[in-house]
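Structure first, commentary second.
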Amino acid sequence: MRKWSWLLAGLLWTGIASLGRAGENFLLEQEWWWKTGFSPEYVAVKPTEGPPVVWTVGGGRVVLYRWTSPLLETQGSFGGTVGRAVPLPESPGGRGYLVLLQDRQSYQIWREDGEEWRVAFGGGFGDRVTTLTAGRFAPGEEIGTFIQFETGRVGYGELGPEGLLPIWQSPLPWPRIEEVWAADFDGDGVEEVLLVRQDGSLAVARWQAGLWDVVWNFPSWGRILAVDLGQADALPGIEVVFTTAQRQVFLLGALPGGGWGVKARLSLPTVISYVALVPRSGGAILLGDTGGTLELWVMQSGGWRLEASLSTGERVAGLMGLADGRVLVLGASGQFRIIAVQSLAGVVVYLDGAEVGKGGLYWNEGEFYFGTELLRRALGILSRWDEKKATLTLTQGNLMISMTVGKAEVAIDGRRWPLRRGLVVSDKTVFVPAELLRTVFLINVTFDPVSQWLILTTPSPTG
């Protein structure tokens, strides 16, 4: 791993955070990973009131997944000439997908039939389609569609038992739309559409009075590189996070006084291609670079501050929020990873099977750090901090060791040994890396992300 974080300069750039606070309140943990064996053309996640809908498209086929913490399991596949697929809202007929075929002017509706998927019906649009989505855009049970044609015109259709019925088409072309998502952005129970335009601007459109009406516009801040949708907190409504070629990150959502607006903004020193909104985290985001580094930024006073980082070991090709603080990471090799964003306040420390308690922990770059009070309480290790020399001395019985800030080494009875990590000082509290417990005190340190137990195991008397 590089010595300096790829976003470290951004701390000074934005004036929001300082490195000493990283890992103070949250940790990043790789909870699960799986090599798919193929590299999909795109991966998509749609948040719902239940488990999120996850699907991929590649090689003309749709592959479906079910997320049951902590696993992402394959749940079937279908197709052969699929160009684009969007999930349909739940209906009495079961789950379904609207599929745009590779000719971009024909569609199919696929429905779940027991353990298999079958084409319910299909048809043509009458013109080539560039973008489309489906949702419940009006009160009631009707499923509607938003479509932009190659001519630039946009249309609305209703999905009936026999096919897709065209209802309306704009008389004039709209600005070219690159991506479109359907979601309930204001929490009123009816979905709207988010439009990402080719010029980098965004808009929210609502189906009302018999036509698509743009109800909110956001100006361009350069080409949009990545977009993710999710529920930032427990309040109704879906938020949107995106990153731009102008090194900006924005969080958009419904405002307390009504309407839509910017809820947070971050300026970065370099272009970041991937971003995910961490679900139900109060607006935390995960940023990813092509080198495989993930960084967690948490909300603070209308912006974000750097909290923790983690290396995936391979180039990131996509980030998407799942649910309950989990983010799906797609690697360049087609490997899926689920990253858990968890609060350190919920981690319980155990020593040889007995509960020690909570608190006194710090985390960064895949490693736990222990505060001196926790070391005393759990292991009987005493400490002395020399602030002028920035040196910590630890004693246990006849063993005496010392560490100095800025040096990745430990002195044991005067003899120096290298370590991969050094001391961390945060808010006047000194933390030592778990590596020190493993290598010097021979204490095994393991973490169970599901139960949030940090388990310490001392060596047996027999060795």
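Since every read-out is calculated from the coordinates, none of them should be taken as a lab result. Fair warning: this is a prediction, and the values are worked out from it, not measured in the lab. Please note: Cβ atoms are built from the backbone with ideal geometry, for glycine as well, and neighbour counts cover all protein chains shown.
Structure values in brief
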read-out: Cβ-based charge dipole, the range 229-307, positive-most Cα from LEU287, SER273, PRO236; value: PRO236
read-out: Candidates per GluC sites (Glu not before Pro) in the range 44-102, loop by DSSP, up to 10 other Cβ within 10 Å; value: GLU49
read-out: Surrounding net charge for GLY222, when Lys and Arg each add one and Asp and Glu each subtract one, Cβ distance under 13 Å; value: +2
read-out: Karplus 3J(HN,Hα) series, Hz, for the range 156-169 with 6.51 cos²θ - 1.76 cosθ + 1.60 (x for Gly, Pro); value: 10, x, 10, 8, x, x, 9, x, 9, 9, x, 10, 8, 9
read-out: Amide H contacts of THR131 (H built 1.01 Å from N, under 5 Å, at least 5 apart or other chain); value: GLN148
read-out: Using θ = phi - 60° and Karplus 6.51 cos²θ - 1.76 cosθ + 1.60, couplings along the range 104-110 (whole Hz; Gly, Pro as x); value: 6, 9, 10, 9, 9, 10, 9
read-out: Cut-off under 5 Å, modelled amide H: who pairs with LEU211 long-range; value: none
read-out: Size of electric dipole in the chain: Cβ of Lys, Arg +1 and of Asp, Glu -1, about Cα centre, debye, nearest 20; value: 1820
read-out: The range 73-120 and the range 157-208: distance between their alpha carbon centers, rounded to Å; value: 20
read-out: Burial ranking of peptide ranges 451-460, 283-292 (average Cβ count within 10 Å, highest at the top); value: 283-292, 451-460
read-out: Relative contact order, percent, the range 347-457 [alpha-carbon distance under 8 Å, six or more residues apart]; value: 24
read-out: Mean residue ellipticity (222 nm) of the chain, computed from DSSP H runs ≥ 4 via -39,500 (n - 2.57), nearest 500; value: -1000 deg cm²/dmol
read-out: Distance histogram for the range 347-457 (every C-alpha pair counted, 10 angstrom bins, percent rounded to whole numbers); value: 13, 51, 30, 5, 0
read-out: q = 0.07, 0.10, 0.11 Å⁻¹: log10 I(q)/I(0) that the Debye formula gives for the chain, counting C-alpha atoms only; value: -0.43, -0.78, -0.90
read-out: Reachable lysines from LYS46, criterion Cα separation under 27 angstrom, eight or more residues apart if same chain; value: LYS35, LYS263
read-out: Cα shape, the range 145-201, gyration tensor, a/c 1.5 rule; value: oblate
read-out: Relative contact order computed over the chain (Cα-Cα under 8 Å; 6+ residues apart), in percent; value: 12
read-out: Reachable lysines, given that their alpha-carbon falls under 20 Å from the alpha-carbon of LYS388 and they are not under 8 places away in the same chain; value: LYS407, LYS428
read-out: Radius, Kirkwood style, for the range 99-147 when every pair of distinct Cα atoms is counted (Å); value: 12.2
read-out: Amide H partners (placed H, <5 Å) of ALA308, local residues excluded; value: GLY23, LEU296
